[in-house]
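**Student:** What follows is a single structure, and I will ask about it in a moment.
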Amino acid sequence: MTKFEDLPKEIPIFPLSNFIIFPETAVPLNIFEPRYIQMIDDSMKSSKLIGMIQPKKTGEQNKPDLYDVGCIGKITSFNETNDGRYLIVINGINRFKIIEEVLTEKLYRICKISYENFSNDIIQKKENINFSDLELIFKNLKSIFEKKGLIINWSELKNQNLNQTINTLSMASPFSLEEKQILLETSDIKSRKHKLEEILKTYITDEFQNTTLQ
């Protein structure tokens, strides 16, 4: 397990729109762009750590502005396909805030970052939440997932620890880019649970209003 004090203060950045990883979640990625092939090559030779972050809708097409907060993850699985793509799995470790971008001759972007506001991501404090507190979240999310034709393994979620479950739901839910960013930036699991409930409430309310208006 990566220790907080071992986390790098300068990392390669992978901007991916409407895609966020959270601490204690794992996601597969299909890498094919030359700049990110280079990034993965370099990461595999060093710490295997990269920073996942959302780009904003402003800035240049090939160099969009970035949100301030992302999550550093470790490459835990790596496979190369016959056509030169990389199939990797990233495990989220700790959130970070961008301090500044570093000038580089690399194809990909590099940033200086700070973990100052997110030290509890690795040094976990026990939150006073029980799985029974998530019943309404599960119910509302199941309704939204079913209507959008999305599938999630609910029984597998319940086998995870509470932090993993809330973070996985925040990451996998069909929310907007801005809503997912809000969830990522919440200070702790308890706050994220409340914010998740608030966002779900607006979806359920909108769905009810659309139904009654027909």
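Okay, residues lined up against (1) modelled with pLDDT under 95; (2) assigned by TED's automatic domain parsing to the domain that holds Leu196; (3) more than 19 Å from the chain's Cα centre (by Cα); (4) assigned to a loop (DSSP other than H, G, I, E, B):
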| residue | (1), (2), (3), (4) |
| --- | --- |
| Asp41 | no, no, yes, no |
| Gly51 | no, no, no, no |
| Thr58 | yes, no, yes, no |
| Asn62 | yes, no, yes, yes |
| Ile72 | no, no, no, no |
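**Student:** Answer yes or no as to whether Phe175 is under 28 Å from Arg35 (Cβ atoms), surrounded by 12 or more Cβ atoms within 10 Å (Cβ to Cβ), at pLDDT 80 or above and not assigned by TED's automatic domain parsing to the domain that holds Leu66.
**Tutor:** Numbers: under 28 Å from Arg35 (Cβ atoms): yes; surrounded by 12 or more Cβ atoms within 10 Å (Cβ to Cβ): yes; at pLDDT 80 or above: yes; not assigned by TED's automatic domain parsing to the domain that holds Leu66: yes.
Considered against the rule, which asks whether it is under 28 Å from Arg35 (Cβ atoms), surrounded by 12 or more Cβ atoms within 10 Å (Cβ to Cβ), at pLDDT 80 or above and not assigned by TED's automatic domain parsing to the domain that holds Leu66, Phe175 comes out as yes.
Per-residue answers, yes or no, for (1) surrounded by 12 or more Cβ atoms within 10 Å (Cβ to Cβ); (2) within 14 Å of Leu184 (Cβ to Cβ); (3) not polar (S, T, N, Q):
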site	(1), (2), (3)
Met44	yes, no, yes
Pro64	yes, no, yes
Thr76	no, no, no
Ile90	yes, no, yes
Arg95	yes, yes, yes
Ile98	yes, yes, yes
Phe118	yes, yes, yes
Asp121	yes, yes, yes
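**Student:** Taking the stretch 81-108, which residues are under 20 Å from Gln54 (Cβ atoms), in a strand (DSSP E or B), in contact with a helix residue (DSSP H, G or I) (Cβ under 9 Å, 6 or more places away or on another chain) and not aliphatic (A, V, I, L, M)?
**Tutor:** Selection gives Gly92, Asn94, Arg95, Phe96, Lys97.
The values are calculated or read from the model by the stated rules, or taken from the named source; none is laboratory data. The shown structure was predicted, so the numbers you read here are calculated from the model rather than taken from an experiment. Methodologically, a virtual Cβ is constructed for each residue, glycine included, from the backbone with ideal geometry; neighbour enumeration extends over all protein chains shown.
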